[in-house]
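**Q** The structure's right below; bear with me while I get my questions together.
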Number of protein chains: 4
Amino acid sequence: MKDIQNEVDRRNIALKNVGIKDFKLPISVLDREAKTQKTIAKIDASVDLPHDVKGTHMSRFIEIIKDMGSVSPENVEKTLDRMIEKLESKSAYMKINFDYFIKKPSPVTEIESLTDIVCSYEGFKVVDEFKFLMGVSVPVITLCPCSKAISEFGAHNQRAIVEIVVDTNSFVWIEDIVKIAEESASSPVYPILKRQDEKYVTEQSYLNPRFVEDVAREVAIRLEENEKINWYGVGVESIESIHNHSAFAYTEKGYTL
Amino acid sequence: MKDIQNEVDRRNIALKNVGIKDFKLPISVLDREAKTQKTIAKIDASVDLPHDVKGTHMSRFIEIIKDMGSVSPENVEKTLDRMIEKLESKSAYMKINFDYFIKKPSPVTEIESLTDIVCSYEGFKVVDEFKFLMGVSVPVITLCPCSKAISEFGAHNQRAIVEIVVDTNSFVWIEDIVKIAEESASSPVYPILKRQDEKYVTEQSYLNPRFVEDVAREVAIRLEENEKINWYGVGVESIESIHNHSAFAYTEKGYTL
Amino acid sequence: MKDIQNEVDRRNIALKNVGIKDFKLPISVLDREAKTQKTIAKIDASVDLPHDVKGTHMSRFIEIIKDMGSVSPENVEKTLDRMIEKLESKSAYMKINFDYFIKKPSPVTEIESLTDIVCSYEGFKVVDEFKFLMGVSVPVITLCPCSKAISEFGAHNQRAIVEIVVDTNSFVWIEDIVKIAEESASSPVYPILKRQDEKYVTEQSYLNPRFVEDVAREVAIRLEENEKINWYGVGVESIESIHNHSAFAYTEKGYTL
Amino acid sequence: MKDIQNEVDRRNIALKNVGIKDFKLPISVLDREAKTQKTIAKIDASVDLPHDVKGTHMSRFIEIIKDMGSVSPENVEKTLDRMIEKLESKSAYMKINFDYFIKKPSPVTEIESLTDIVCSYEGFKVVDEFKFLMGVSVPVITLCPCSKAISEFGAHNQRAIVEIVVDTNSFVWIEDIVKIAEESASSPVYPILKRQDEKYVTEQSYLNPRFVEDVAREVAIRLEENEKINWYGVGVESIESIHNHSAFAYTEKGYTL
């Protein structure tokens, strides 16, 4: 049977990424409390394609990914190595997006429930260099410092999403990055809040007004102090209660103008 | 050239809807202030298919829709009539989703800017009966009455979306339904708010706490008073600032349990 | 501490649904092969609110849902019963959307991998009446009969989504409904296809041309024969390869015009 | 009234971007045939924030954007200059996403209708340097060369999206970039296809099989020849008809490994 993909290509254009996108698969990830957690991933995976090869063999990506085992930085690297080998490329890339659930007691009555964090593991391998990025999207509350300062009572507040991406030199728990995001905001959010809890969250967020700018800076300060983190990017988006658009702020390690 | 669609079908299954989905087209709609407004629609259109016909002719939907002219209840009915005629069906359905922009001054400094309302026109024709529904999605603020009552200071608030669908017996302006949604909430939202405006909106929403339940009821009361409205449905979704999920409430004319 | 929600409401408007929306939670569902399968749900839950009560207690929904156990029709009914009891309502509603994975060998080389089906369980309880609907969204191939008939070679084809909702009188496996959707189309889709498999799928779909109309009818015929099914709705949407919009068809049990 | 944003910040963290996100506005863009075209934009805009300033003044973004006039590269630069001036920053960024409609006759019967292209204008200004990127997302058909070569009849095909981003040194029409994407694929897609047209498109795409890899390379070859283009990135995603995931390929000017 003909192998069209293996034919020579004379157009002389190398491709940076060739692969699959939005492939869903059940996976296990490391969980600080329960050791592992089962979840569902949406996966992109690709390799480079040399200038003189017609196409890649797309089915091999899924054959490799379905056998990758528990998802950890080490297994991401091994999976990229297998892609490079089986697809005869020089580089491989993979992004795994998944929901991660963390037990969270309400702040006063301490009723436990699970809170959902959208996460990503991203790996890139070229020759012997491996780069690994972990991303978390953490819902929090931002209460506007300007609104509080100028108003006789009340202050507008809203759900905001803190997106943190870190390049780490050793293993970092999702829980630790989530904690940094929550500490940096006016307040965390919670799945269950009884009345005593709601009073607490309302008052705490009023006492801790934060612009998106403040949250980005508070996250940056905490990440700068963490020696496991080589690089970070932090974006904060407030679903403004007073507008029909968002406010956002972004910075990253090493940024200066 | 063969006309497969026109062949006889012996499976004896009539289809309720056969047509196109998510077709984008620039359209004009009626605008109370400027007479017409140009916008972009995403359109679904379908007819019924008798049990003994193999298929419909999908290209005719677009030929008919592209010539429908300015989008009004009358033109929706005419367009449905043409579909019934050209596609030899007994019924036709159409839903037109579009953004509609309304000039809105900020509440104190009165700086004008445009605010975006997601709208829909929905028409259904069978034999001589024509049904027309107008839908609007209005962003507003909800400030939680419970949070205000139990907290020493502050109150959680957030953007909420009020979705109203009305079946009308004569023409109703989008602007009038939007006004009802905004009056029923803790406060409207605005594209531009200078500091004096932000103080006003913050204080007004604190003075007007509203659950999603309250907003749904306030909208219902106002729609009940409008004689042009035969039926309504109203749904309110608050993007809760204190949770990672929404709160919602729904009711409709004539609901009792 | 004040209980605002429990106050009397004098506006005299009963609400059909009051509750939570888009709450994410890890769940287990019944799996024909492995007994249970862990997955992630997005949940909406609501109760009615009598005309004379100010508000519902939103935190109770999550307290009830987090303890619902494995998700089955029986547990959905029990969960609705608890909502009615704890929230002092007359009716309760719940929709659980989740991904479900089924092992699927490729058609010739028989390499196994998992295929993702988007599913929903929907329950409604009022007084003693319980209604349960199961929904599946199945990706398939549709190859256009008209394109095949009029062209000298080739035929346009595309991914299509078959959405089936069934009201059942006894337990039906997701796998059985998925099979019906796949048999009714030009061909199933597969996660992994080696070349022999791809040849098979290409030729099979060419030999089985199907309009969206055909797929809807073929599904309807098969569901009519199943005595466990009281009612069904079936929608088919083809992501047309030759257009930038979709073609779709819908019918339901008992439809006649 | 207090100006919290103007206060000194001692945390010593400069922010790369502070601004607004997902602001919708009706705009006009240049149209090769009709001179201008009215459409609707979704806009992100931001400036940098020096390490010693507490916050930016978000309302000014909208005041500036609402007066930007017709959207062209020149007006994007002027708008960024005004942001830098009014918000006292050193850099400004803006991304404008919009739908653009192009008249397209069907290939044989030449019935004209409008086809929708999702576009973006992206501008970045720092000190005196201005960078402008134009992006287009073009729906096309890809017919699989492997499937055609190994099968006795037929070949799987599907809708694919070609995303091209170009950095230009002088004005380039959206229409020219769209043409490049369409020429590079197995066939363009069309809003209306009568039977003669459908036969033509079916046969043409069968005669021009293209992997996503081929489309990316064909686009790259054509963009390399255009002297107005300093840099390009091209991504191609096929909504695979035989799978429930996509195939994709990406390359950019100057890529080598």
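**Q** Tally up the carbon and sulfur contribution to the accessible surface of segment D:1-97 as a whole percent, 1.4 Å probe, everything protein left in place.
**A** Its accessible area is 44 percent carbon and sulfur atoms.
**Q** Now a separate question. Long-range amide H contacts for A:SER113: which residues qualify at under 5 Å (H placed 1.01 Å from N, peptide plane, sequence gap of 5 or more or a different chain)?
**A** Placed amide hydrogens put A:LYS104, A:SER106 under 5 Å from A:SER113.
**Q** With a cut-off of at most 11 other beta carbons within 10 Å, and DSSP calling the residue loop, which trypsin sites (Lys or Arg not before Pro) in segment C:208-257 qualify? Please list them.
**A** none
**Q** If we restrict to alpha carbons, what Rg and Dmax does segment D:1-97 come to, in Å?
**A** Computed over the Cα atoms of segment D:1-97, radius of gyration and Dmax are 15.2, 54 Å.
**Q** Taking Cα pairs under 8 Å and at least six residues apart, what relative contact order does chain C come out at, in percent?
**A** Computed over chain C, the figure is 14 percent.
**Q** Return the whole-Å distance between the Cα centroid of segment A:188-257 and the Cα centroid of segment B:60-122.
**A** 40
**Q** How far apart are the D:GLU152 label points across copies, placing each 7 Å from Cα toward Cβ, in nm, shortest first?
**A** Listed shortest first, these distances are 2.2, 8.4, 8.7 nm.
**Q** Here is a follow-up. Hey, what did segment D:106-257 get for relative contact order, percent, Cα under 8 Å, at least 6 apart?
**A** Once divided by the residue count of segment D:106-257, the mean separation gives 26 percent.
**Q** C:GLN158's amide H: which non-local residues (gap 5+, or another chain) put their own amide H closer than 5 Å, with H modeled 1.01 Å from N in plane and none for Pro or chain starts?
**A** C:THR142
**Q** For segment B:168-257, count all C-alpha to C-alpha pairs, find those more than 21 Å apart, and express that count as a whole percent of the total.
**A** 41
**Q** A:GLU112 accessible area, nearest 10 Å², 1.4 Å probe?
**A** Its heavy atoms expose roughly 90 Å² to the probe.
**Q** Quick one: which residues, 5 or more positions from B:THR36 or on another chain, have an amide H under 5 Å from its amide H? H modelled 1.01 Å from N in the peptide plane, none for Pro or chain starts.
**A** When sequence neighbours closer than 5 places are left aside, the close amide H contacts are B:ASP31.
**Q** How about segment A:225-257: which GluC sites (Glu not before Pro) there are in a DSSP loop, with at most 10 other Cβ atoms within 10 Å of their Cβ?
**A** Those satisfying the criteria are A:GLU225, A:GLU227.
**Q** Would you calculate a helix-derived [θ] at 222 nm for the protein assembly as shown, using -39,500 (n - 2.57) for each DSSP H run of n ≥ 4 and dividing by the full residue count, to the nearest 500?
**A** When only DSSP H runs of four or more count, the value is -7500 deg cm²/dmol.
**Q** Any residues in segment A:155-186 that have 50 Å² or more less accessible area with all protein chains than in their chain alone, probe 1.4 Å, and which are they?
**A** Residues losing area: A:ASN157, A:ARG159.
**Q** Using Cα-Cα distances under 8 Å and only pairs 6 or more residues apart, what relative contact order does segment A:1-97 have, in percent?
**A** Reported relative contact order: 32 percent.
**Q** Moving to a separate point now. Which one, A:VAL76, A:VAL234, A:VAL53, has the greatest fluctuation when you compute a Gaussian network model over chain A with C-alpha springs under 10 angstrom?
**A** Among A:VAL76, A:VAL234, A:VAL53, the largest GNM mean-square fluctuation belongs to A:VAL53.
**Q** Determine the total buried accessible area between chain D and chain B, counting protein heavy atoms only with a 1.4 Å probe; round to the nearest 100 Å².
**A** When D and B are taken together, about 2500 Å² of accessible area is lost.
**Q** Further question: Specify the residue with the greatest mean-square fluctuation among C:ASN244, C:ASN17, C:ASN230, computed from a Gaussian network of chain C linking alpha-carbon atoms under 10 Å apart.
**A** Result for chain C, Cα springs under 10 Å: C:ASN244 fluctuates most.
**Q** Copy-to-copy spacing for B:ASP81, label 7 Å out on the Cα-to-C-beta vector, in nm, shortest first?
**A** Result, one decimal in nm: 5.5, 5.6, 7.4.
**Q** Provide the per-residue ³J(HN,Hα) series for segment A:248-257, in order, calculated from phi with Karplus coefficients 6.51, -1.76, 1.60 and θ = phi - 60°, each as a whole number of Hz, with x at glycine and proline positions.
**A** Each residue's phi maps through the Karplus curve to give 8, 9, 9, 8, 8, 4, x, 6, 8, 10 Hz.
**Q** Where the convex hull is taken over the Cα atoms of segment D:96-207, what is its projected area averaged over directions, in nm²?
**A** 8.4
**Q** Rounded to whole angstrom, how close does the nearest chain C beta-carbon get to the axis mapping C onto B, and which residue is it?
**A** So the chain C residue sitting closest to the axis is C:GLY233, 10.
**Q** For D:TYR255 and D:LYS228, FRET efficiency with R0 = 22 Å and r from the beta-carbon atoms, rounded to 0.05?
**A** Between D:LYS228 and D:TYR255 the formula returns 0.65.
**Q** Further question on the same structure: List the trypsin sites (Lys or Arg not before Pro) within segment C:1-58 that DSSP assigns to loop and that have no more than 16 neighbouring Cβ atoms inside 10 Å.
**A** Of the trypsin sites (Lys or Arg not before Pro), the ones in loops of segment C:1-58 whose Cβ has at most 16 other Cβ atoms within 10 Å are C:LYS2, C:ARG10, C:ARG11, C:ARG32.
**Q** Right, another one. What number comes out for accessible area per residue over segment A:106-257 if the probe is 1.4 Å? Units Å², please.
**A** About 34 Å² of surface per residue is accessible.
**Q** Now a separate question. In segment B:106-257, carbon and sulfur make up what percent of the accessible area (probe 1.4 Å)?
**A** 48
**Q** Let me test this: with uniform point scatterers at the alpha carbons of chain D, what is the Debye-based log₁₀ I(q)/I(0) at q = 0.10, 0.14, 0.16 1/Å?
**A** Computed log10 I(q)/I(0) values: -0.60, -0.99, -1.17.
**Q** I'd like the Karplus ³J(HN,Hα) series for segment D:9-17: coefficients 6.51, -1.76, 1.60, θ = phi - 60°, whole numbers in Hz, and an x wherever there's a Gly or Pro.
**A** Working through the residues one at a time gives 10, 9, 7, 6, 10, 7, 10, 6, 9 Hz.
**Q** Calculate, for segment A:1-97, the solvent-accessible area per residue in square angstrom, rolling a 1.4 angstrom probe over the heavy atoms of the protein chains.
**A** 45
**Q** Convert each backbone phi in segment D:206-220 into a coupling constant with the Karplus relation 6.51 cos²θ - 1.76 cosθ + 1.60 (shift: θ = phi - 60°), then list the ³J(HN,Hα) values in order as whole Hz, x for Gly and Pro.
**A** Along segment D:206-220, the couplings run 5, 7, 10, x, 8, 6, 4, 4, 5, 4, 4, 5, 5, 5, 4 Hz.
**Q** On to the next question. Over the Cα atoms of segment A:16-169, compute the convex hull volume and normalise it per residue, giving Å³.
**A** In segment A:16-169, the Cα hull volume divided by residue count equals 157 Å³.
**Q** Oh, and also: At each listed q (0.09, 0.10 Å⁻¹), what is the log10 of I(q)/I(0) that the Debye formula gives for the protein assembly as shown modelled as equal alpha-carbon point scatterers?
**A** Debye output, listed in q order: -1.15, -1.52.
**Q** Kindly tabulate the residues in segment B:6-36 with an accessible-area decrease of at least 40 Å² between the chain alone and the assembly of all protein chains, using a probe of 1.4 Å.
**A** Going by heavy-atom accessible area, the residues of segment B:6-36 that drop by at least 40 Å² are B:ARG11, B:ILE13, B:ALA14, B:LEU15, B:LYS16, B:ASN17, B:LYS21, B:LYS24, B:PRO26.
**Q** What nm distances, shortest first, do you get from the label point of D:PRO50 to those in the other copies when the point sits 7 angstrom along Cα to Cβ?
**A** In ascending order, 5.4, 6.4, 7.8 nm.
The values are calculated or read from the model by the stated rules, or taken from the named source; none is laboratory data. This is a predicted model, so every value here is computed, not measured. Here Cβ is always computed from backbone atoms with ideal geometry, including for glycine, and neighbour counts include all displayed protein chains. Protein only, heavy atoms only, side chains kept; ligands, DNA and RNA dropped before computing areas. Shrake-Rupley method; radii C 1.70, N 1.55, O 1.52, S 1.80 Å.
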